[in-house]
1. Between Ala481 and Asp34, what is the label-point separation in nm under the 7 Å Cα-to-beta-carbon projection?
2. Assign one of three labels to the chain, namely rounded, prolate or oblate, based on the Cα gyration tensor with a ≥ b ≥ c the square roots of its eigenvalues; rounded applies when a/c is under 1.5, prolate when it is not and a/b is larger than b/c, and oblate otherwise.
3. Sticking with the crude label model, points 7 Å out along Cα→Cβ, report the distance from Ile551 to Ala101 in nm, one decimal please.
4. Under 18 Å Cα-Cα from Lys291, which aspartates and glutamates qualify once same-chain neighbours fewer than 8 residues away are excluded?
5. Measure out, as a whole number of angstrom, how far apart the alpha-carbon centroids of segment 558-606 and segment 64-125 sit.
6. Compute the Cα gyration tensor for segment 6-155, then decide on rounded, prolate or oblate, letting a ≥ b ≥ c be the square roots of its eigenvalues: rounded whenever a/c is under 1.5, prolate when a/b is larger than b/c in the other cases, and oblate in all that remain.
7. Estimate the FRET efficiency between Asp445 and Ala535 by the formula 1/(1 + (r/R0)^6), using the beta-carbon distance for r and 30 Å for R0, to the nearest 0.05.
8. With labels modelled as points extended 7 Å from the Cα through the Cβ direction, what inter-label distance (nm, one decimal) is found for Gln292 paired with Ala634?
Amino acid sequence: MHETRSFAPPPAFAAAANLNAAKLEQLHAHAACDHEGFWADQARTQLSWRQRFEQTLDSSLAPRYRWFTGGLLNASYNCLDRHLAARGDKTAIVFEADDGAITRYSYAALHAEVCRLANALRGLGIGKSDRVVLYLPMGAQAVIAMQACARIGAIHSAVFGGFSAESLKDRIEDAGARLVITADAAPRGGKRVDLKTAVDKALAGGCASVERVLVYRRMDGCAMQPQRDLWWQDRVPTQCAECEPEWVESNHPLFLLYTSGSTGKPKGVQHSTAGYLLGATVTMQWVFDLKQSDVFWCTADIGWITGHSYVAYGPLSNGVTQLIFEGIPTYPDGERFWRMIAAHQVSVFYTAPTAIRALMRLGDHLPARHDLSSLRLLGTVGEPINPEAWMWYHRVIGGGRCPIVDTWWQTETGSMMIAPVPGAVATKPGSCTRPLPGICVDIVDEDGKPVTQIGRGGFLVITRPWPSMLSTIWGNDERYAETYFGRFGDQVYVAGDGAQRDEDGYIWILGRIDDVLNVSGHRLGTMEVESALAAHPRVAEAAVVGRPHDIKGEAILAFVVVRGERADAIAEGLPRELCVWVAEQLGAIARPDEVRLVDGLPKTRSGKIMRRLLRSIGAGETVTQDTSTLENPAILEQLRG
Ligand code: 7RM
């Protein structure tokens, strides 16, 4: 948080940007004096409507807010049909498979594929409001499946392919899905991921609502259950390539996406059609400064919200060309991303800090072998990015010329909430800067009072409804109201993150509320300590948790992955050196009680560090968390120290 570097928008970038400082100011001013009018304007101009909406915001059932009530539209129509006349031949998707094979889909071809699948689904009796679970590999078919569901008003619920049969079963049952769409298997990093086996296992254990399983043959096939399972390739290609969209009301659920909360049971975050699509559409223009000539690449899997808003919906709604990648950043080698950026002339690249740090660790010489000059803008999402990784991304990947947009948002917010508008807002490494137009963010204390003191942490809240907000938690309005609006009333959405402002009003995310440490009465973000550690030349990655301490309340325990050999680092006394280092960087209060050197951090498949697991380990408790999603279960022993 002591970051003082600031990067103004490069003048040439600002001159060509969708929004320069003056235009951004106009949007902010409009939204500030007429919140609803501002969003009504956006909805009218950005989306194609079958029937105009009657009311912009209906708060009568608060905290269940309903946007653009009475309007009729279809998300798939907005993503496909409306582009056909002007850019039917334009490439919508460039798909690069794990083995490097490339498939291109024009907007017209994608439209035809979506219509065929939509017709096939209707043929199976699937229609408006039916739930369809997608358990698919990352690829064009996943997007086609989501779009096909949207086209007929069915509600998709994508489950990340890395989730176990057990988690899949829970999600299928909670949603009451009638259909599962999956694939036989998928190649990923040169390995085979069996998907259908997991579906079989999930369905064998329950899931009474499921009638059919539609299987896309991606590899060499799988066992099929005759009464239940159907091949996509048998059913879909013979269908008609036109399909009348189901026109739905603005608040018709577009999809569910399960996400973990503070309890063990994942919650089905429900998103609306119009408000959600509006958020995904406009934020791409504002934050990614999207142009018709861009080649956009978001590396997120379709099983996460980022893969929904910035792969399946946002890019298509805007009519741009996007790259979709099936594999992983380190296969066949650590140059994969850089080779792909050069080969496909990617201009806007959006990835996660964890990927940046992993690739940074491999050395500058790998990206240096590739021509990355097509890039003009870089983005990050998912977790705080430490200034060290930010600077590397900026210098080595962006060649010092590309603005970096650090975008804060959540599954629940649907689209970006706090992020720089790159032609208008100066960036600072580690800050997501300011809220976007029409998004009212504040930082409040325990009593809900705004924190005015610079550098003091508080709860990050959103104080007015916004169009892409979740509608509810599927089947559990009570949990929705309690989780997000239970603390400070119906008006104030509690994000669950801590944050603070600096002297320029920039927002710095401190991590999840439960990640904020309190050492001897001092608030300290785990991220601050992690940044300090990551700034040490021997540190590749660090995770910090609080550990109960008799006198200080909490003490700091750091798990550190070193560059080079772990055994050497231990022999050289690096743990002690790092304790001193952090104390020097941040002050004595931030000095870790212990630094544990480990070969890897426990992460979810989406790359988030499993802090609760680390906290349990730090507290010496037996681990009760689900460790089935750990990429590398073997590191548990090292973490125990
Ligand atoms: C998009 C996504 C949400 C949580 C959120 C934060 C953390 C996300 C940033 C970030 C710091 C960021 N949805 N988070 N983006 N923290 N800077 N730019 O990740 O529902 O999976 O996670 O992720 O804690 O509450 S999510």
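Throughout, read-outs are computed from the coordinates displayed, never taken from laboratory work. Predicted model, so just to flag it, every value in this text is computed and none were measured. Counting neighbours? That spans all protein chains shown, and the Cβs are built from the backbone with ideal geometry, glycine included.
1. Going from the Asp34 label point to the Ala481 one covers 3.3 nm.
2. Rounded.
3. 6.5
4. Straight-distance partners of Lys291: Asp89.
5. The distance from the Cα centre of segment 558-606 to that of segment 64-125 comes to 47 Å.
6. oblate
7. Details: r = 30 Å, r/R0 = 1.00.
Here the calculated transfer efficiency is 0.50.
8. 5.3
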